[in-house]
Each structure stands twice: as C-alpha cells, then as structure tokens.
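**Q** Take a look at the following structure, please.
The values are calculated or read from the model by the stated rules, or taken from the named source; none is laboratory data. Keep in mind the model is a prediction, meaning the values are calculated, not measured. As a convention, Cβ positions derive from the backbone with ideal geometry for all residues, glycine included, and neighbour counts pool all protein chains shown.
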Amino acid sequence: MAIDYALFRQVMGHFAASVTVVTTGVEGRLYGLTVSSFTSLSLDPTLVLVCIDHNAASHDMIARAGMFAVNILNEDQEYLSRRFAAHDVEKFVVNAYTLSERGLPLLKGVLATIECRVFNALPGGDHTIYVGEVLDAWVGKGRPLIHYRSGYYQIG
C-alpha cells in the first residue's frame, strides 16, 4: 500500500534544502523554474542531478537544449524563487541575468552557478531526473536561501 500523498509531502517538507533556479535557453528564448530537488552526484565524472516535473514548461526545453544551469540562491533572493515558481509571469528581468558563453542564463547575485550538459535523463515518476555533467561553475559570497516546511529561511 502506498503512503498517503499528504503525509509524504509533510514528511518531505521536514528536509531542509537549498533553493535553486534551473535555467536554459532554446532558440533565443529563456526558460527557468525553481527547483529544490538538486544534489551533487559524482566527482568522477563531475555530475549533478535535478528533478523536473513533467508538467513544467522548462521540462522539455532542458532536453531540447541539452544544457542547463543551476543557480543557487542567496539568502536575500526569496523573490527570485517565487518568481520562477510562478506561472504566466516574465521570469527574466532585464539586467538581472547574463548569458554564459554557452547561451545559458545565469542569474545575478546568486550564491553559485553550475553550467551543465545533459549527461542522462532518467524516469522518476511524475518527474524526469536530469543528470548534468558539470562544464563550468562559479562561486559568489553569501549564505544560501533554505526551504523548510513550506517556508523560506536563512542560516543563522
């Protein structure tokens, strides 16, 4: 017997996670969404993974582009998490991002960015697990924005 969905969501809400925005670009259009299911996977080769809902507008675009960027949000960037989680809003504000040499949108002011090539895509229920080979990374200063029990928190 499967666990009750509400209980599962409640239990998983007790897992504190850094908040990220995953971005990509296809044919001059930019796509992005807020993602808390992100983790490092391997050092050799250097891999990370993100889990993307099949219904997200960015889902198919990541596969189509074959690349994505992970933007790890700084503690004062809750507004970015909310913007990229919303539907039918302009997510990419002028001067709030740059394009990498690979054409990936990198958000300004974030704690860190990771540029990836899609290494593999695996089924994960109603999500796809995109495994990314890390091509480049950048680290800024600050502390992470944390998502815990359906709310946003800062460290210390």
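**Q** Quick check: anything in segment 107-129 buried (at least 19 other Cβ atoms within 10 Å of the Cβ), outside any strand (DSSP E or B), charged (D, E, K, R) and touching a strand residue (DSSP E or B) at 6+ places or on another chain (Cβ under 8 Å)?
**A** Checking segment 107-129: not a single residue is buried (at least 19 other Cβ atoms within 10 Å of the Cβ), outside any strand (DSSP E or B), charged (D, E, K, R) and touching a strand residue (DSSP E or B) at 6+ places or on another chain (Cβ under 8 Å).
Okay, residues lined up against (1) of a type in the set (Gly, Ala, Ser); (2) modelled with pLDDT under 95; (3) over 21 Å from residue 57 (Cα atoms):
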position: 85; (1), (2), (3): yes, no, no
position: 89; (1), (2), (3): no, yes, no
position: 103; (1), (2), (3): yes, no, no
position: 106; (1), (2), (3): no, no, no
position: 115; (1), (2), (3): no, no, no
position: 131; (1), (2), (3): no, no, no
position: 138; (1), (2), (3): no, no, yes
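Quick grid of which residues meet (1) farther than 19 Å from residue 110 by Cα; (2) assigned to a loop (DSSP other than H, G, I, E, B):
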| position | (1), (2) |
| --- | --- |
| 48 | no, no |
| 55 | yes, yes |
| 84 | no, no |
| 93 | no, yes |
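**Q** Which residue out of 19, 70, 35 is of a type outside the set (Lys, Arg), surrounded by 21 or more Cβ atoms within 10 Å (Cβ to Cβ) and over 18 Å from residue 108 (Cβ atoms)?
**A** After applying the criteria, what remains is 35.
**Q** Within segment 15-36, take every residue that is assigned to a strand (DSSP E or B) and among the aliphatic types (A, V, I, L, M) and give me the one that is modelled with the lowest pLDDT.
**A** Only one residue tops the list, namely 17.
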